1. Segment B:276-362: which GluC sites (Glu not before Pro) are DSSP loop and have at most 13 other beta-carbon atoms within 10 angstrom?
2. Would you mind giving the mean number of other chain beta-carbons within 10 Å of the Cβ of each residue in A:144-151, as a whole number?
3. Take the residue pairs A:175/B:49; B:6/B:49; A:156/B:49 and return only those whose Cα atoms are more than 31 Å apart.
4. Near residue B:347, which aspartates and glutamates are there with a Cα under 20 Å away, not counting those fewer than 8 places off in the same chain?
5. Please report how far the C-alpha centroid of segment A:97-160 lies from that of segment B:21-58, rounded to the nearest whole angstrom.
6. Can you list the HN-Hα couplings for segment B:59-69, worked out from phi with the Karplus curve (6.51, -1.76, 1.60; θ = phi - 60°), rounded to whole Hz and with x for Gly and Pro?
7. Residues with amide H under 5 Å of residue A:59's amide H, sequence separation 5 or more or different chain, H placed in the peptide plane at 1.01 Å from N; which?
8. Cut-off 10 angstrom, C-alpha nodes, Gaussian network model of chain A. Which of A:68, A:144, A:236 fluctuates the most?
Amino acid sequence: MEKTAETLALHIENVTMQFGGVVSVNDLTLDVPQNKIIALIGPNGAGKTTAFNCITGVYQPTNGLIEFMGKPIVRNHPSGRTLKTYKGENAGKYAGESVLSPTPDEITALGIARTFQNIRLWKSMTVFENVLIAKHMRADQNVFSAIFRGNAAEEKRMRDETMELLREQGLDAYKDELATSLPYGLQRRLEIARALATDPKLLLLDEPAAGMNPQETLELADFVREIRDKYKLTVFLIEHHMDLVMNISDYIYVIDFGSEIARGVPEEIQSNERVIEAYLGVSEAE
Amino acid sequence: MKQSNKNVKIFFGILILLLFVILLENISAFIPGLPMVFDPMSPLFTVLKKAAVYSLVAVSMNLLNGFTGLFSLGQAGFMLLGAYTYAILTVPSNMKDQVYYLFGGCAFKFSFVDLFGMIFGSTGVGGAVSMILGCLLAMILAGCVAGFFAFLIGFPVLRLKSDYLAIATLGFAEILRAIFQWQRLGPVTNGANMIKGFPTFSSFNITAPSGAVILRLSTFVPFLITSICVLIIVLLINSSYGRAFKSIRDDEIAAEAMGIALFKHKMLSFVISSFFAGIGGALFAMYVANAQAKAFTSTMTYEILLIVVIGGIGSVSGSILATFLYVACSEWWLRFLDSELYIGSFKVPLLRNGFRMVVFSIVIMVIVLFFSQGIMGSREIDFSGLFKKKTPIKERKQDQ
């Protein structure tokens with residue numbers, strides 16, 4: 001596939017995340033082209049969610065560069081004490097460059113939205129409010145205009161857009177229910193709707209099919225494709241469900257123990273021996 | 001629109017309440033022979049005044065602890081800042097030497113009331129106008145000073161979570177209390193002595209030149225100021241920012257991932273809460289008619305925290321309701337437990353000085369044990385059902 005700079009939504013280069021002596025993500029390099037659905041898979045504890053957390057600013061990677069739409073958004077290199085204990089590669093590659101470590105909200109403001117592996121909806125709030133709050137970031141207002149209702153037009157626009165989004169996602173019937181009272185599948189869908197409310201260009205889905213039955217998983221695949229086309233998104237997802245991954249991904253990266261072990265289109269991955277080993281274990285006879 | 005309709009209703013509700021307070025306060029002057037309760041000196045008005053002051057502080061604390069999920073215990077410290085700012089700026093210039101006699105006068109020679117007095121005159125209607133403007137300005141500045149200090153200590157403190165934040169803010173309040181009693185600062189804070197002589201609630205009573213009271217407004221004033229402040233807090237809570245605060249309380253990580261700048265919003269909540277705590281402190285100074293650092297102990301913070309918990313964390317109306325009940329119980333309804341009582345020759349057991357606090361503590365323990373959500377939980381009192389005609393369910397759905 002093409003990998004020219006213009007078409008890349010996300011470009012990750014030599015990202016290493018080290019916690020003390022443990023290297024969670026080791027020298028990860030991958031590309032996510034625009035308007036594609038790319039999957040990151042790997043066994044439990046392979047470092048997939050850590051990679052996501054590096055992209056979204058929850059963690060500051062120990063080393064490496066992350067570019068979004070061609071612009072560097074995260075950059076770091078080990079220095080001082082970290083450099084002495086650093087176990088990864090390319091320690092000096094970014095040494096001369098400035099450190100970029102935005103907070104998660106700054107990343108979201110750039111246009112990267114995410115969902116969580118264990119659903120993190122705002123529990124005391126309704127479905128409607130959950131989506132409405134995600135609109136807060138992009139609203140043109142300040143605290144005084146908000147208190148004295150100088151932002152009435154803006155508020156109305158936020159509410160209308162939220163209603164519109166809920167309608168599109170088929171959640172409008174539940175809008176006044178508590179978010180946590182929804183069935184599991186709908187909570188997942190609400191979390192995606194909430195992420196969409198931040199107007200993202202890139203959507204990161206962390207195990208969207210976790211806890212879903214086969215029927216729901218099938219629907220999810222269609223749903224992800226649908227929102228990709230409708231909102232002109234790029235989707236980057238972590239998933240355990242092989243059916244789903246093989247079904248919807250345009251390209252797959254496989255990591256194990258933090259390092260990449262394979263990459264390719266679904267057919268290649270399905271027949272890749274290292275991937276099968278990583279997932280099923282190596283038989284001792286070999 | 002439904003929302004603006006509701007706001008109009010709230011506005012008229014407050015107006016009616018305020019008129020009712022004026023009426024209550026003055027009724028004994030017009031209708032003689034009413035029960036003692038309506039006498040201006042009765043504990044009823046002490047309770048109303050104190051509860052009005054405390055409810056503002058409780059609501060401001062609830063904004064921070066209940067709606068933003070920041071467990072801060074610095075409320076007494078911010079009240080102290082507000083009380084002192086108000087007191088220092090409003091003690092009349094000619095009283096300053098007398099109040100600050102130990103330190104040879106005050107460092108601030110002016111008084112807002114006198115400054116406005118130069119424009120509007122210092123007697124009659126002009127005097128009233130200059131006092132109202134002076135007090136108002138001093139009160140707003142009291143809030144600003146408290147808010148500014150909150151902004152300063154917010155930088156280190158708001159990076160802490162839960163218990164650690166509580167300890168840090170509590171420490172801040174205690175340090176402030178010590179600093180304000182420092183003799184070196186005497187020309188500003190009057191050291192450990194109290195500042196007095198500034199306008200209090202009763203200064204707002206309209207009096208005849210002879211000194212006789214024409215219209216009492218001493219309970220109305222705290223109600224008015226508290227109403228305005230609480231209204232602003234409620235408007236904030238129901239705004240986009242209020243929702244963002246609640247999202248931080250519910251799940252910080254999700255809030256941040258959805259683009260809500262954590263630090264900025266926490267700071268906003270902290271500063272606004274402290275601003276109103278500062279105004280609450282100014283009102284408290286007016287209520288007790290003096291400003292003294294000794295009064296703003298951590299016990300005061302706990303008292304307010306208790307009110308917030310009893311009323312329900314995350315409920316404004318709960319906080320207000322709890323304040324009135326709490327203050328009424330501690331200042332009035334349970335007073336009889338403190339005095340010995342004889343029925344005939346039978347002495348009722350246990351009733352003696354201090355027994356009130358025993359009963360009071362037990363009541364609070366029962367509430368906390370069995371109603372851990374408080375009186376209101378996170379719900380609000382809703383009077384709209386009283387005014388509204390019944391609408392068919394279908395219509396109601398579309399309405400929202």
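Since every read-out is calculated from the coordinates, none of them should be taken as a lab result. Remember, predicted model here, so these are calculated numbers, not experimental data. FYI the Cβ positions are ideal-geometry reconstructions off the backbone, even for glycines, and counts take in every protein chain you see.
1. Here the sparse-neighbourhood loop sites are B:340.
2. Values: counts 2, 3, 9, 12, 4, 6, 0, 3.
Per residue, the number of nearby Cβ atoms from other chains is 5 on average.
3. Numbers: A:175/B:49 42 Å; B:6/B:49 27 Å; A:156/B:49 39 Å.
Correct reply: A:175/B:49; A:156/B:49.
4. B:338
5. Answer, in whole Å: 46.
6. So the J values, rounded to whole Hz, are 5, 5, 5, 5, 4, 7, 7, x, 9, 9, x.
7. When sequence neighbours closer than 5 places are left aside, the close amide H contacts are A:54.
8. Taking springs between Cα atoms under 10 Å, the residue moving most is A:144.
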